Structures are given as structure tokens and as C-alpha cells.
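Asks: Take this structure, written in C-alpha cells, and hold onto it; I'll ask about it next.
The values are calculated or read from the model by the stated rules, or taken from the named source; none is laboratory data. The structure displayed is predicted, hence computed values, not measured ones. Every residue, glycine as well, gets a Cβ built from its backbone with ideal geometry; the counts of neighbours run over all protein chains shown. In case anyone asks, the SASA skips ligands and DNA or RNA and just uses the protein heavy atoms, side chains included. Shrake-Rupley method; radii C 1.70, N 1.55, O 1.52, S 1.80 Å.
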Amino acid sequence: MSDTINFIIDGVEIQGREGQTILEAAEAAGIYIPRLCHLKGLTPHGSCRVCTVLVNGRPQASCTQPVAEGIVVESESERVQQIRRDIIDMLFVEGNHFCMFCEKSGNCELQAMAYRFGIPTPKFPYQFPKRGVDASHPDIFVDHNRCILCGRCVRASRDLDGKHVFDFVDRGPHKRVAVNAEARLADTNLDASDKATEVCPVGAILRKRVGYAVPVGKRLYDEKPIGSDIEAAKTK
Amino acid sequence: MAKPKVATTSLAGCFGCHMSLLDIDDRILKLVELVDFDKSPIDDIKEFSGRCAIGLIEGGCCNEENVRVLQDFRKHCDILISVGDCATMGGIPAMRNNIPLEECYAEAYLDGPTVHNPSKQIPNDPELPLLLNKVYPCHEVVKIDYHLPGCPPSADTLWEALVALLSDKPVALPYALIKYD
Ligand code: SF4
Ligand code: SF4
């Protein structure tokens, strides 16, 4: 094929296609690059940086970086793993993650990422920020304590639902997700069937009255690390 | 040769992690062959009798007494392990961490829906340990050598870690044994 792009990930030769990102090309080759803000079907956002790889020695977000002929990508090296681990650690201490009673536990991508990296506890001091919960909507609630600012809800509502229910406000450590109403989620046009209600990687946007439906041991990441489905495709 | 000694304590915890330790079932018989318990609620020994190989800490630090006990454990134990989410991240008690202390007291002793306190007194006896401004995970107070997360960590997690340490092997827990819930 003429639009084939040859490049290398961790010493392995990969054939990508013109227009693919490094993350997509890797995935097609059965190589899982960890990610949190990225979700198939949403515009890449490049914000969480968990998918960082070294491209010819420079850190890049693989979910937004296009493939290019001859690039040398480092993904599983100790240095890259350390960068990712530090980011995961920071995401935990910057929020209030009480996994022991979180409805998302076992199905949470942030928690699963920490498990995949074998993190027994984050190394940075806990911030315990003051954040709120918006339970005004009859079917959906937002718990800002668990939000990792991945922007999936923002993108899904805007691009898939055509509504723009969520967006970011403020900056730096004060950045947070706000709703398109005076204050409450109940006053937006969010519907329980919106895509935006399904995409949150953590327990920050959840459906009411369905928590803990799946027993411990049977949840998404109880037995198998996140990304194993992609890696399994390779061995076939 | 004398058996290595293990000490345990529950700081700002609920004793669930100790229950999980008892949950190793009949392996507890093997455990008493491997170790002697020193200061611990398991045998009700109140003070250290000497140097211990391993100290298991359940719970974080919510008051000054917790800090003193934790420092005492650090002094007496070669290896100190944070056991459970309260020890590793503060846990449920740390939910008060972004609420001012005064409001916590008011809720607990004056305004809470189940409070009956006609004299409106807030306990203030000098015997009572003072609360800290917030609840601290153990590694923010003393050096901790290993962390076993979980609420509580499963009996298998505790067993695997203890057996590895007692046989001088690295603690390499399999995927299914590192859990935060
Ligand atoms: S959102 Fe995920 S990491 Fe945060 S408390 Fe819930 S399960 Fe834990
Ligand atoms: S609420 Fe969920 S989907 Fe939205 S930004 Fe926060 S973590 Fe991402």
C-alpha cells in the first residue's frame, strides 16, 4: 500500500497508515499504550498525558501525535513508565478518590491504570481539595471529587450529542467541569440517554440507582489489567 | 533460633484490617509457627517487649496519640507496613479533611441529627488525645517500607506479603491482590 508509514515502537517495526496517530497505529499492531482522556470515537484531546511516549527522544502525547516515516518511539522503557506512573500518582492526590465506597470501583479506568502499574499508593502528598457533588438531576449525578479533567464529557456532549452540557471553567489548579446552566445539572438539557453520560473514565459522572450492580470479582478490571483486550489481539 | 516478632496496631481504623488478618483461616496456625506476636491487639500486649521484625499499621493518624504510637512502631520495627486504605491514604476518616475542625466537632456533638447533648458540651478532658487538623496517611508522618492497599486488603494479600517478608523475598503481589476497595 502506498500510504504505509514505517516506524519503530520499542524496537519493533510497525506499519502505520497516513493520518493515524501513534496510539492508533500501535493499537492496530496489538500494542497497548496506556491512556485516560482518549476514547475511540471522540476527538483526541492530549490532556492527561498518560499516553506519553518518547518520539526520537522527545516526550509527546501519542493520542495526538501523527505517525511519520522512520520515527523511533519509546513506550515501555523505564523512563516512559516513570513519567506515566507520576501522572497517575498526581491524578490520585489532586482529587478525593475514596475507592472503598466509589460506585465506579472495579470498572474505573484511573484505578485500573494504577493497578496495571502496580502502584500500592501514590507517592505525592494528598491534597484533599474541597470539591462538590451535583445530584440535582433525576438520573445522573456529578461528583467533582473524582473528576480528572479528561474532557470526555465535554467532547461527547458537544460532538456526539450536539448539546454542550459540559465545559471547563477556570484555570490551573482551579480548573473544573461546569454545566451549561446557572448552577445545576438539572437545569441543563442533559438526558439520561446522552452519550456524555457514558464516557466518564472515573466515577465523576454516574447514573443513579445502578451502583454496585456487578459483584466484586466480576467487574471489568478485577482479574485482567486494563489494555489486555488490545494486547490479546496481538497474540492471535 | 527465636522466631521473628510481629507487632500490630489500629490507629484511625475500624479493625477491619485486623479482621482480614484473622481471615487467613487455618493459615493462622502456620503464622504462629513462623512468628511471635509482640505489641498487638491480637494478644493484647500493650507495650513493646523488644525489637520487632515487622510492624503492621492499620489506620492513619487522626489524633496526637496515633502519631505517638506510630512513631513508637517506627522506633521498634525493622519493617513498617501500612495496611489498608486508611493507613495508605487516610481512608474514610479522611473524609473530614476538607471540613474545618470546628464544623466537625459541631456536627458530632451539637448539630448532628442523632445528637442528644442538652449541656452542649464538647468533650475536652485532658485525658483525651487532641485531634489533628486533618487525617494523615502513615507515610506522611513516618517512613513506611511497604503499602498494602484495600478496604481491607484481602487475607491473601496480607498472607502473601507476610510470607514473602519472613522468607526474605521481595513482596511481589500478583495483579489480583492489589486492590483499592
Ligand atoms: S473514580 Fe476511580 S479512582 Fe476515583 S474513587 Fe472511584 S474507583 Fe477510585
Ligand atoms: S467528569 Fe468525567 S468525563 Fe468529565 S472531565 Fe471529569 S473525569 Fe472527564
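Asks: Filter segment A:121-143 down to the residues that are within 15 Å of ligand 1 (Cβ to nearest atom), over 19 Å from residue A:49 (Cβ atoms) and surrounded by fewer than 18 Cβ atoms within 10 Å (Cβ to Cβ), then identify the one that is farthest from the other protein chains (Cβ to nearest Cβ).
Replies: A:133
Asks: Here is a follow-up. Looking at (1) within 14 Å of chain A (Cβ to nearest Cβ); (2) not in a loop (DSSP other than H, G, I, E, B), which is the one condition that is false for residue B:108?
Replies: (1)
Matching residues to (1) over 30 Å from residue A:28 (Cα atoms); (2) outside any loop (DSSP other than H, G, I, E, B); (3) modelled with pLDDT of 95 or more:
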| site | (1), (2), (3) |
| --- | --- |
| A:129 | yes, no, yes |
| A:148 | no, no, yes |
| A:182 | yes, no, no |
| A:202 | no, no, yes |
| A:219 | no, no, yes |
| A:223 | no, no, yes |
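Asks: Step by step: first the residues of segment A:72-96, then only those that are more than 20 Å from residue A:130 (Cβ to Cβ) and not in a helix (DSSP H, G or I), then the one that is farthest from the other protein chains (Cβ to nearest Cβ). Which residue is that?
Replies: Step by step, filter segment A:72-96, then rank; the result is A:72.
Asks: Next question, about the same structure. Tally up the residues in segment A:97-114 that are open to solvent by 10 Å² or more (accessible area, probe 1.4 Å), away from ligand 2 (no atom under 13 Å from the Cβ) and assigned to a helix (DSSP H, G or I), please.
Replies: 3
Asks: Continuing with the same structure: For segment A:190-220, give me each residue that is open to solvent by 80 Å² or more (accessible area, probe 1.4 Å), closer than 20 Å to residue A:38 by Cβ and either polar (S, T, N, Q) or within 14 Å of the chain's Cα centre (by Cα) (or both).
Replies: A:198
Asks: Hey, residue A:148 hits all of (1) more than 14 Å from chain B (Cβ to nearest Cβ); (2) closer than 30 Å to residue B:143 by Cα; (3) away from ligand 1 (no atom under 16 Å from the Cβ) but one; which does it fall short on?
Replies: (3)
Asks: Could you say which residue among B:64, B:103 is within 14 Å of chain A (Cβ to nearest Cβ) and of a type in the set (Asp, Glu)?
Replies: B:103
Asks: If I ask for residues that are within 14 Å of chain A (Cβ to nearest Cβ) and aromatic (Phe, Trp, Tyr), which ones from segment B:155-181 would you list?
Replies: Once the filter is applied, which keeps residues that are within 14 Å of chain A (Cβ to nearest Cβ) and aromatic (Phe, Trp, Tyr), segment B:155-181 yields B:175, B:180.
Asks: Looking at segment A:152-170, is at least one residue within 16 Å of ligand 1 (Cβ to nearest atom) and under 16 Å from the mean Cα position of the chain (by Cα)?
Replies: Yes, the conditions are met somewhere in segment A:152-170.
Asks: Continuing with this model, one more query. Considering every residue within segment A:89-97, establish whether at least one is away from ligand 1 (no atom under 15 Å from the Cβ) and under 17 Å from the mean Cα position of the chain (by Cα).
Replies: So far as segment A:89-97 goes, no, none of its residues is away from ligand 1 (no atom under 15 Å from the Cβ) and under 17 Å from the mean Cα position of the chain (by Cα).
Asks: While we're looking at this one, here's another question. Among the residues of segment A:173-189, write down those that are in contact (Cβ under 8 Å) with a residue 40 or more places away in the chain and in contact with a helix residue (DSSP H, G or I) (Cβ under 7 Å, 6 or more places away or on another chain).
Replies: Across segment A:173-189, the qualifying residues are A:176, A:179.
Asks: Just one of (1) within 23 Å of residue B:90 (Cβ to Cβ); (2) assigned to a loop (DSSP other than H, G, I, E, B); (3) among the β-branched types (Val, Ile, Thr) trips up residue B:42, so point out which.
Replies: (1)
Asks: For segment A:71-96, give me each residue that is among the charged types (D, E, K, R), open to solvent by 30 Å² or more (accessible area, probe 1.4 Å) and closer than 25 Å to residue A:5 by Cβ.
Replies: Matches in segment A:71-96: A:74, A:76, A:79.
Asks: Related question: Given the criterion touching an Asp or Glu at 6+ places or on another chain (Cβ under 9 Å), within 11 Å of ligand 2 (Cβ to nearest atom) and modelled with pLDDT of 95 or more, identify the matching residue among A:160, A:206, A:190.
Replies: Among A:160, A:206, A:190, only A:206 is touching an Asp or Glu at 6+ places or on another chain (Cβ under 9 Å), within 11 Å of ligand 2 (Cβ to nearest atom) and modelled with pLDDT of 95 or more.
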